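Here is the structure we will look at, set down as structure tokens.
What follows draws every value from the coordinates through simple rules; no lab data is involved. The shown structure was predicted, so the numbers you read here are calculated from the model rather than taken from an experiment. Reconstructed Cβ throughout: ideal geometry from the backbone, glycine too, with neighbour counts over all protein chains shown.
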Amino acid sequence: MTTSPTHPADERTTVLDLRYVTCAYQPEKPAVQHVSITAQEGEIICLLGPSGCGKTTTLRAIAGFEKVTAGEIYLNEELVSSPNTHVPTERRRVGMVFQDYALFPHLRVYGNVSFGLQTWSKVTRVERTKTMLELVGLTGFEHRYPHELSGGQQQRVALARALAPNPVILLLDEPFSNLDPDMTIKMRKELYRLLRQTNTTAVLVTHDHQEAFAMADRVAVLQNGILVQYDSPEAIYHLPTTQFVAEFVGKADFIPGIVTEGRVETEIGDFPNQPHYQGNPKVFVMIRPDDVKITPSPSGHARIINRQFRGSQHLYTVQLASGHIVHSVQPSDHAHPIDMAVSLEVIATHTVLFEHPVELTS
Ligand code: ADP
Ligand code: MG
């Protein structure tokens with residue numbers, strides 16, 4: 001699901017432009033600080049980070065529910081937020097999908113979806129509502145009330161309602177958190193298809209990196225109100241710029257190494273020094289469990305100390321001769337016992353180096 005729209009990014013309109021945005025509920029403690037993000041037309045952007053990092057605040061600032069204390073927000077090249085400017089929400093043409101869907105309980109499906117079309121002529125309103133219901137697969141449900149629908153159907157109504165007035169941008173705050181896991185995966189695919197089909201620019205908030213990777217063209221990782229990386233899902237996973245990002249989007253181990261000319265020497269082998277790193281030669285190399293292959297070997301210097309069954313895979317915890325730990329993911333037909341001596345083969349597509357020591361995790 002990660003194919004980008006066919007247009008090259010530079011030919012598309014910049015629909016969303018956040019420039020050094022700061023939002024503070026309390027002046028001395030900003031919830032979001034100096035955040036800069038752009039989204040091109042048709043792009044799906046994910047705001048990713050742990051609870052409290054400022055995702056909802058950023059989304060609410062874009063929607064105009066929160067004022068910015070510094071910086072600017074542009075929607076379709078119009079300044080909508082700055083310390084001296086605040087275009088109200090209803091004039092921003094943003095579509096919102098909330099965590100709890102926020103459907104109008106006293107309105108039927110038809111009334112909910114057509115709600116934002118009150119300024120449209122009767123004929124176009126009826127036509128548009130019909131089209132939206134078709135798009136989300138709810139034709140025939142027009143007369144139901146929200147409480148007569150499943151969670152997935154309610155979410156479809158919320159999506160149809162948000163998209164009906166043809167918003168400049170769709171903003172979604174953890175839209176799948178009230179669905180069970182099977183339904184979440186189904187609705188993610190549906191949402192993705194719907195956004196692409198309608199070429200809708202969207203900002204999706206999530207704390208789930210799998211969701212961000214499955215949906216996003218670009219992922220903005222926030223930590224304590226600061227944007228730490230804004231990149232493609234692949235770059236976020238393979239080329240994280242901080243240890244926080246490395247660990248937030250998957251399991252990562254950090255092995256000490258020494259940078260010499262063009263190479264990084266470690267206990268588990270040498271790696272190319274690419275992209276070229278020039279800092280302190282004492283470094284830590286990030287290793288992902290999917291980069292490590294283990295093979296039983298009586299003369300191997302590493303030892304399996306734990307094995308976790310994960311269905312289609314096993315996650316092994318392996319201790320090196322030095323005592324450092326790495327993890328290895330292997331297909332579940334490779335079941336090796338604990339204490340077995342193994343040799344390691346590391347096939348990393350990128351060498352990611354960090355300067356600072358990392359606490360060893362097991
Ligand atoms: P997230 O959506 O990533 O969980 P939020 O944007 O909701 O994070 O919150 C960011 C920070 O702002 C947190 O420290 C949170 O406690 C604080 N915060 C959020 N909303 C308010 C509010 N209405 N008043 C005061 N502080 C708030
Ligand atoms: Mg939130």
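Shape class of the chain from the Cα gyration tensor (axes a ≥ b ≥ c, square roots of the eigenvalues): prolate, since a/c reaches 1.5 or more and a/b is larger than b/c. Overall, the anisotropy analysis places the range 51-102 in the oblate class: the square-rooted eigenvalues a ≥ b ≥ c of its C-alpha gyration tensor yield a/c not less than 1.5, with a/b not exceeding b/c.
Local charge for Ser232 was computed over the other residues whose Cβ lies under 15 Å away, with Lys and Arg +1 and Asp and Glu -1, and equals -3. Taking amide H positions as modeled 1.01 Å from N, with prolines and chain starts lacking one, the residues under 5 Å from Leu170 and 5 or more places away or on another chain are Gly95, Thr201, Ala202, Val203.
Here the extension length gained between Glu142 and Lys189 equals 14.6 nm, from 0.36 nm per residue of separation less the Cα-Cα distance. Cα gyration tensor of the range 178-312, axes a ≥ b ≥ c as square roots of the eigenvalues: rounded (a/c below 1.5), prolate (a/b > b/c) or oblate? Cα axes put the range 178-312 in the oblate bin. Computed extension length for Lys122-His276: 49.2 nm, one decimal, from 0.36 nm per residue of separation with the Cα-Cα distance subtracted.
Loop-located GluC sites (Glu not before Pro) in the range 242-341 (DSSP state not H, G, I, E or B) with no more than 10 neighbouring Cβ atoms inside 10 Å: Glu261.
Who wins for biggest fluctuation among Pro83, Pro50, Pro105 in a Gaussian network model of the chain, springs between alpha carbons below 10 Å? So, out of Pro83, Pro50, Pro105, the one fluctuating most is Pro105.
When the C-alpha to C-alpha distance is required to be over 28 Å, the pairs from Lys186/Lys293; Lys55/Lys186; Lys55/Lys251; Lys189/Lys251; Lys186/Lys251; Lys130/Lys189 that qualify are Lys186/Lys293.
Based on the Cβ-Cβ distance from Glu345 to Ala70, what FRET efficiency comes out when R0 is 41 Å, to the nearest 0.05? For Glu345 and Ala70, the calculated efficiency is 0.25. What the phi angles of the range 319-334 give under the Karplus curve with 6.51, -1.76 and 1.60, with θ = phi - 60°, is a coupling list of 9, 7, 4, 6, x, 5, 10, 10, 10, 9, 9, 10, x, 6, 7, 9 Hz, glycine and proline written as x.
Here the Gaussian network model covers the chain, with springs between Cα atoms less than 10 Å apart; of Ala214, Ala202, Ala63, Ala214 fluctuates the most.
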